[in-house]
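Asker: Pasting a structure below so you can have a look.
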Amino acid sequence: MSQQDEYTPPKVWRWDAESGGRFANINRPIAGATHDKELPVGKHPHQLYSLATPNGVKVTVMFEELLDKGHSDAEYDAWLIKIGDGDQFGSGFVEANPNSKIPALMDHSTETPTRVFESGSILLYLAEKFGEFLPKDHAKRTEALNWLFWQMGSAPYLGGGFGHFYAYAPFKMEYPINRFTMEVKRQLDVLDRRLADNEYLGGADYTIADMAVWPWYGALVKGLVYDAGEFIEAHTYTNVLRWTDQIGARPAVKRGRMVNRVMGDPASQLHERHDASDFETKTQDKIGEAAD
């Protein structure tokens, strides 16, 4: 390992300059709103404010899966929150999530609207509300929750650790890239060993644990985040790849991945979702463009 310029931390850290790299313009060491802006409210009981990052995809997939199960009362409006523009610091969003992170959910079906924030909490809330994608059997439920909370604890090393230093930092630094690559590969090995003997993370059943892990680690091994597939030797995690393709083929997952997406192929983007027919309109638009 080459010697890096040594940094001596000051006695008291002060925020006196942007740190550089992608998203530096929205990073700050304090919480709270930066401007007044109410959140829009649509016609459905569930109002989701999000962006199709891996954390956002978890929840839109869950809603689409619930609708495919026949839960018409799981209908939802999905409003686009542009985090690069600082929408998450509007006063309305901060009321829904004081942590100013997407996704945030407001459930208007309760007597007083219920706010739910943190993607894992939203998945668990919806699973319990509708009685789906979380086993009733105590042991099976516990195993699914083990993997749900595994994702909560592990993904920051993938996103804020590996993803930041490998893809977004203002310059490449050997030590943090090596450190977080080692951890991410260890995590992939954990998943691969689990999926060698189990169809899904919780066991035989598809659960919210799969919905939580797939948008992060499935995207990673398919080269859809950080452009790091070759770097981490993604092809060696054959069980993770099998599981990734199996989940990605689900119709609800395909739809959920489109919602609030603003990057990639325009045909894969549905910036806002207010009705199931929005997907049909998107398909018709695509057919029309091909005909032109």
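Quick note: the coordinates plus some simple rules give every number you see, no bench work behind them. These numbers come from a predicted model, not from an experiment. Glycine also receives a Cβ, built like all others from the backbone with ideal geometry; neighbour counts cover every protein chain displayed.
Asker: Determine the dipole magnitude for the stretch 138-249: charges of +1 sit on the beta-carbon of Lys and Arg, -1 on that of Asp and Glu, nothing else is charged, the reference point is the Cα centre, and the result goes in debye to the nearest 20.
Answerer: 220
Asker: Considering only DSSP beta bridges whose two residues both sit in the chain, what percent are antiparallel, to the nearest 5?
Answerer: Just about 60 percent of them are antiparallel.
Asker: Taking the Cα centroid of the stretch 32-68 and of the stretch 85-99, what is the distance between the two, rounded to the nearest whole Å?
Answerer: Taking the Cα centre of the stretch 85-99 as reference, the centre of the stretch 32-68 is 12 Å away.
Asker: Okay, next question. Identify the residues of the stretch 222-243 with backbone N under 17 Å of a label point that sits 7 angstrom from the Cα of Asp197 along the Cα-to-Cβ direction, or state none.
Answerer: Answer for the stretch 222-243: 239-240.
Asker: Round to the nearest 0.05 the FRET efficiency obtained for Lys69 and Met152 when R0 = 30 Å and r is the Cβ-Cβ distance. Mind showing how you got there, number by number?
Answerer: Numbers: r = 24 Å, r/R0 = 0.81.
Here the calculated transfer efficiency is 0.80.
Asker: Among the listed pairs Lys37/Lys101; Lys101/Lys129; Lys37/Lys254; Lys43/Lys101, which have their C-alpha atoms separated by more than 20 angstrom in this model? Numbers along the way, then the final one.
Answerer: Working: Lys37/Lys101 16 Å; Lys101/Lys129 23 Å; Lys37/Lys254 31 Å; Lys43/Lys101 24 Å.
Pairs exceeding the cut-off: Lys101/Lys129; Lys37/Lys254; Lys43/Lys101.
Asker: Quick one: net charge of Ile81's neighbours, Cβ under 11 Å, K/R +1, D/E -1?
Answerer: 0
Asker: Sort all Cα-Cα distances of the chain into consecutive 10 angstrom bins from zero, then give the percent of pairs in each bin up to the one containing the longest distance.
Answerer: 6, 25, 33, 25, 9, 2, 0
Asker: Once you put a point 7 Å from the Cα of Ala33 and another 7 Å from the Cα of Trp13, both along the Cβ direction, what distance in nm separates them?
Answerer: 2.8
Asker: Something else about it: Please compute the net charge surrounding His108, taking Lys and Arg as +1 and Asp and Glu as -1 over other residues with Cβ under 15 Å from its Cβ. It would help to have the intermediate numbers written out before the result.
Answerer: Working: positive: Lys43, Arg115, Lys129; negative: Glu38, Asp73, Glu75, Asp77, Glu95, Asp107, Glu111.
Here the charged neighbours net out to -4.
Asker: Let me ask something additional. What is the calculated FRET efficiency for Arg115 to Glu272, with r their C-beta to C-beta distance and R₀ = 22 Å, to the nearest 0.05?
Answerer: Plugging the Cβ-Cβ distance into 1/(1 + (r/R0)^6) gives 0.65.
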